[in-house]
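What follows is calculated from the coordinates using simple rules that are stated; it is not laboratory data. This structure is a prediction, so every number in the text was calculated from the model and none was measured. Every residue, glycine among them, receives a Cβ derived from its backbone with ideal geometry; neighbour counts consider all protein chains shown.
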Amino acid sequence: MNTFYNLFKSLGFAISGVITFSTIPAIAQIIPDGTLPTNSLVKTQGNTTIIEGGTPKGNNLFHSFKEFSLINNGSIAEFQYVGGIQNIISRVTGKSVSEIDGILQIKGTANLFLINPNGIVFGPNASLQIGGSFVASTASSLNFADGTKFSATDIQTKPLLTVSVPIGLQFGATAAPIQNQSQAFSNGATVGLQVQPDKTLALVGGDITLSGGNLTAASGRIELGSVAANSLVSLKPTNQGWLLGYEGVQNFQNIQLIPRTDKGSQIPSQVDASNEDGSGGNIQVQGNSVELTGYLVRLRTQTTGAKDGGDLTINANKLSVRDGAVVSTSTRGTGNAGKLTVNASESVEVIGRALLPNNPGFLIPSSLTSGTTVAGKGGDLIINTKRLLIQDRGQITTRSNPVFRNGQFIAAGTGTAGDLTVNASESIEIRGKESGLFALTNTSGDAGNLTINTGQLIVRDQGEVTVSSVFANNNPVNQVNLGKAGNLNVTAHSILLDNQGTLTSNSDLGRGGDITLEVRDLLLMRHNSQISTNAGKTGNLGGNGGNININSRFIVAVPNENSDISANAFTGTGGNIQINSQGIFGIESRTKPTEKSDITASSELGVSGVTNINAPNNSFIQNSFIELLPNVIDTKALIANSCISRGIKREENSFTITGSGALRNSPGDVLISIYPTGEVRSVEPISRPWKKGDPIIEPQGLYRLPNGQLILSRSC
């Protein structure tokens, strides 16, 4: 009892008046409430509480309890029924939380619904032995297709029981939490709460917390839904049990998968729809804030056979994956892996890593990942959010991996990796060594493509955005060939690469992938940052460099900081580079890489590629970057709204903003008005405001203000 008391305190329940403590060991507290036409009958045989009776209506069997708890490890609550019952529907009408630390059992294939609006706690020894699906919810009622409700809060009115199909979980004035700590075993494996293959396991309530608790539904469906009061969650029958819908829910609460400490050991939480003998199942997580934290904390579905795997979908305002936690879909067979989709309206954070307890030198990154290790195609990974942050070795990856067993290479694998797509309307920031977005192959299967759409892309401090084809463990003996690297496509308002930040599509053996950057405003490269699609990195193994296409209003680097744009090869042909820009500053095209900031498409032993740069000649200001200090360029202040007025005595050292359409073509020129005023003014600025429909003159140069600051003039 003390264990559950602590659990209730952690959930914020008012304990007094709810739990009666006793020195006499209790097996169960399952008490019918006498509210049904045919009431539930409860009897005890040893450590088993047998539940009979109830009111049958068609395929539904209804039970109603004042209290429903299993207190002791090893205690069993067995539901018995006769006939063709499909759904056993149980409600708790009293004021007690349901404490389940034993076995819920049904000898048959019926689905089990447990509805308790006061809250539900599954203890470390809780388990399921049922043939059908299991839905545990803190809803106030279960709604049916014919409009009737089986309410756990309104028991004054005689219930109208129905033969109809359940279609929804209705929450009232409260949405109590659900907590799971189950670590139950099955066939030598820790499975926690487990349903049979191809069935649904659903927890739907207020805050959902797995603290050292597992959920398992091989080839089935797992649903985690955290909603606020007065919500309606729909239920739709499927061949896997039930599909939950949240179309009518306005507010959500929080979901946590975290470890707990027991006798000095960390016990992780795991949600798993994988099947070692077949296809992976589907997982849907729906909440406000969804958090996964800790080593071996994972949310995954994997297929190992010829059937395709299921999808994993997270819908939230915020997703946080930290300290070695993993969210994954994968295939280890000929079937394709399922798709991993994250829809987080505010933010996604993938941060940190975990150290293996028995091998402190080995790091497990926090990650969102989709992979293949045999022949099936890896699943696509799609992220839709406002802001994405990846740091401290966090990773988001699609990958084709070789097969390893006990650290030994077994087979190369042929599966193609999935595509990685990130849509972050505001920003993507990647910080730190080994942190990044990756679409990789280490096999003969091709790497997937990586597509980024964002407002601002920042990659700094050795962060990476990479689509590559590289040998596993840097060992070419493991494979006879490699698939080709994927393509990297970025559309952004601005890109900042700083302190060895990289955008790469490299290959050890095959052709480097193509890189396409569509940048509305500014591409800024600082401190040994790289944009590269190189090939033949391992020496004489060959391979051609990929192509690089950059369309950016301005491209800015610092000559002595060795920031490079390269499409190089070793023995093969260098790739082609096409750059279209209104101004390129601080970086030059060269035939070979140097210690300065270069644009190169060379080949060490083969034929160099072609570099084509379509930009104005800005050589007259290139020297201004030689003396540039690291903190001079301010990306927010770099672009001015107008030109700088110089060369006219009365306007020396002034910065005149006159609006588009009344500007000099270059510093020192007379000021020509295109407006029909009938005169040409050489000194006085035209003050007529710019109006919709007036022409806009694009920037043509970079200039230094009297205080030494460099700006790009929009109209010079």
>> For the range 171-248, report the % of Cα-Cα distances exceeding 15 Å.
In response: 60 percent
> Taking square-rooted eigenvalues a ≥ b ≥ c of the alpha carbon gyration tensor, is the range 349-438 rounded, prolate or oblate, where a/c under 1.5 means rounded and, failing that, a/b exceeding b/c means prolate?
Replying inline: oblate
> Short version: what are the Cα gyration tensor semi-axes of the range 109-236, square root of 5 times each eigenvalue, largest first, in whole Å?
Replying inline: 26, 17, 12
>> Please report, in whole Å³, the volume per residue of the convex hull around the C-alpha atoms of the range 55-115.
In response: 74 Å³
>> I'd like to compare 207-216, 69-78: which one has the highest average count of other Cβ atoms within 10 Å, and what's the full order after that?
In response: 207-216, 69-78
> Counting alpha carbon pairs within less than 8 Å and at least 6 residues apart, what relative contact order, in whole percent, applies to the range 26-211?
Replying inline: 17 percent
> Using mean Cβ contacts within 10 Å as the protection proxy, how do 453-461, 522-530 order, highest first?
Replying inline: 522-530, 453-461
> Once you sort the root eigenvalues of the Cα gyration tensor of the range 406-469 as a ≥ b ≥ c, which label holds: rounded (a/c under 1.5), prolate (a/b larger than b/c) or oblate (the other case)?
Replying inline: oblate
>> I want the local charge near residue 122. Using Cβ-Cβ distances under 10 Å, sum +1 for each Lys or Arg and -1 for each Asp or Glu among the other residues.
In response: -2
>> Can you order the peptides 490-501, 390-401 by their average number of other Cβ atoms within 10 Å per residue, highest first?
In response: 390-401, 490-501
> Under the classification rounded if a/c is under 1.5, otherwise prolate if a/b is larger than b/c and oblate if not, where does the range 26-211 fall, given a ≥ b ≥ c as square roots of the Cα gyration tensor eigenvalues?
Replying inline: rounded
